[in-house]
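Derivation of every value follows stated rules applied to the coordinates shown; laboratory data play no part. Given the structure is predicted, the values throughout are model-derived calculations rather than measurements. Virtual Cβ from ideal backbone geometry, glycine too; neighbours counted across all protein chains shown.
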């Protein structure tokens, strides 16, 4: 008697686990037209409790001094509980079918006014200064990457400059490729120096034929213009002519910073504390001439705040129309559930009758 009750309890627990597993794996795969039907799943543990408490009561009791001769019936005592598991799984699937699971096919029509953005980044050796953590360049790359990820609907490109400038990535909506190329930039990619005017001019050239409603350059540097054939003022005039708005960012703490001043024979940079010099007047002039804004970033947190401010100022206007279509998915739940309930009847009525 006690053994039969324990077996019934085990199968009741297994039945509940099966129901929970079905719910867990399918709740996110479908939407349900009648989710209230799932309350009926509570019937399964109730059935298990009833089966447990009534085990042995439905059959005559025979008291024996020993049942060692009936060891072969152990298998039968287990199999006799199998119909409950079949019935529980079948009912669970039928309840899922009654809840009308549906797959949803959806798509969106997205219309944007469009903003094209070029990030022009100074990659001169001075960007390795350690007043940012771990240095100015790495910090600038990380913040720019987060900015790119936050604007999935805009075309964004990347221009890098030292003594010369070049396009690391043209305008693109493939931001994964853009971020990969951003991560690769480092000092020494071109001739040394800081050609702010050249960096801005190359950026404007990339935006020159853009048909976007808003064209923006984010120009980042930690020094003053000391190279290149185009002055920052001339580049700003070209930007204004093409309707390009320029946000300028001066990167560097105030006072002195641990900066690279030479290279050891093994290729490592030699660092000393040097004065931080940023031509803020030139950067402010560029921003004023083009309708942009100048920012000063003295640490990584300030730089992150600046990009957030630019993100707020340059928000893309999006109009989204959603479409969806539902497809009924109850059929196989109903078929398999019905088969399990029928197999429970078949197993109980035919197979169990032949067991010793």
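Couple of notes before you dig in:
- Extension reserve of the residue 264-residue 342 stretch, reckoned as 0.36 nm per residue once the Cα distance is removed: 19.8 nm
- Contact order for region 114-316, expressed relative to its length and based on alpha carbon pairs under 8 Å spaced 6+ residues apart, stands at 24 percent.
- Cβ-Cβ FRET estimate between residue 312 and residue 334, R0 fixed at 56 Å, reported to 0.05: 0.60
- One decimal place: the segment residue 102-residue 172 gains 21.5 nm when fully extended, by the rule 0.36 nm per residue minus the C-alpha distance.
- Multiplying the residue separation of residue 281 and residue 209 by 0.36 nm and subtracting their alpha-carbon distance yields 23.0 nm.
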